[in-house]
1. Return the pair list, or none, for Cβ contacts closer than 9 Å from residues in the stretch A:44-60 that are more than 18 Å from residue A:84 (Cα to Cα) to residues that are among the charged types (D, E, K, R), at least 6 apart or on different chains.
2. Kindly establish whether residue B:88 is under 14 Å from the mean Cα position of the chain (by Cα) and within 14 Å of chain A (Cβ to nearest Cβ).
3. Regarding residue A:53, is this residue assigned to a strand (DSSP E or B), surrounded by fewer than 19 Cβ atoms within 10 Å (Cβ to Cβ) and either touching a Leu at 6+ places or on another chain (Cβ under 6 Å) or within 12 Å of chain B (Cβ to nearest Cβ) (or both)?
4. Has the stretch B:92-102 got at least one residue that is away from chain A (no Cβ under 11 Å), modelled with pLDDT of 95 or more, surrounded by fewer than 17 Cβ atoms within 10 Å (Cβ to Cβ) and assigned to a loop (DSSP other than H, G, I, E, B)?
5. Looking at the structure I just gave you, is residue A:100 within 14 Å of chain B (Cβ to nearest Cβ), buried (at least 17 other Cβ atoms within 10 Å of the Cβ) and without any contact (Cβ under 8 Å) to a residue 24 or more places away in the chain?
6. Quick one: which strands (runs of 3 or more DSSP E) lie wholly within the stretch B:6-56 and hold at least 2 residues that are among the polar types (S, T, N, Q) and at negative phi?
7. Within the stretch B:103-113, count every residue that is at the interface with chain A (Cβ under 10 Å from one of its Cβ atoms), of a type outside the set (Gly, Ala, Ser) and not in a strand (DSSP E or B).
8. I'd like to check something: does the stretch A:62-69 contain any residue that is hydrophobic (A, V, I, L, M, F, W, C), assigned to a strand (DSSP E or B) and surrounded by 13 or more Cβ atoms within 10 Å (Cβ to Cβ)?
Amino acid sequence: GIQVEQSPPDLILQEGANSTLRCNFSDSVNNLQWFHQNPWGQLINLFYIPSGTKQNGRLSATTVATERYSLLYISSSQTTDSGVYFCAVEPNAGGTSYGKLTFGQGTILTVHP
Amino acid sequence: DTGVSQDPRHKITKRGQNVTFRCDPISEHNRLYWYRQTLGQGPEFLTYFQNEAQLEKSRLLSDRFSAERPKGSFSTLEIQRTEQGDSAMYLCASSRGYGTEAFFGQGTRLTVV
């Protein structure tokens, strides 16, 4: 099936710093989503971004589908940004793992005051 | 739109007992997915439905697991003869269809003692 690799696995920041999280995937996709998992375990949708660039407040994301990677940018980080960030992809029709999202292992972000 | 709802939020059961979880998807969504997440890992796909049809089951879904989605509305996931290795967070998600944005519920945290 499709492989999804996220980096870095852990990231520790001071409040106010900027960060970039990366997601590499092994096959062409028609769905890519970024999630933030809150302390209670719920996955919160950040971006639906199979290609292109989107911004939402301090967060932005870029997916370069032809090169099979996506980046999540967090600017002016806050303590409330702490948690686990997941990238998940759904391959194009006909690809293995077709029909559902496959997740990476996540990036654990810790923001200190 | 009330989001994806899962019940119960927490379940503690003794080894060997049967448990059943319920998921209510977003009302206009045709696809419904079940995932399992263990500590420190990303969510792993278990099974998914298109309306009432179960289209795919993961190898993770042993014979002790069964899922249904009668009438294409809510879904249930039953685990028979629970084992300690079944302890995990069980996540449900729904989407409009292929390649569209998926939304997750709050999850059901199962502890088998």
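The values are calculated or read from the model by the stated rules, or taken from the named source; none is laboratory data. Not measured: the values here are computed from a predicted model. Ideal geometry is used to build each Cβ from the backbone, glycine not excepted, and the neighbour counts take in all protein chains shown.
1. Pairs found: A:50/A:90.
2. For residue B:88, the condition - under 14 Å from the mean Cα position of the chain (by Cα) and within 14 Å of chain A (Cβ to nearest Cβ) - is met.
3. In short, no.
4. No - not one qualifying residue is present in the stretch B:92-102.
5. The answer is yes for residue A:100.
6. Values: elements: B:10-13, B:19-24, B:31-37, B:44-50.
Fully inside the stretch B:6-56 and qualifying: B:44-50.
7. First pass over the stretch B:103-113, keeping only residues at the interface with chain A (Cβ under 10 Å from one of its Cβ atoms): B:103-109.
Subsequent filtering for residues that are of a type outside the set (Gly, Ala, Ser) retains B:103-104, B:106, B:108-109.
In the following step, the residues that additionally are not in a strand (DSSP E or B) were identified as B:106.
Qualifying residue count, the stretch B:103-113: 1.
8. No, the stretch A:62-69 contains no residue that is hydrophobic (A, V, I, L, M, F, W, C), assigned to a strand (DSSP E or B) and surrounded by 13 or more Cβ atoms within 10 Å (Cβ to Cβ).
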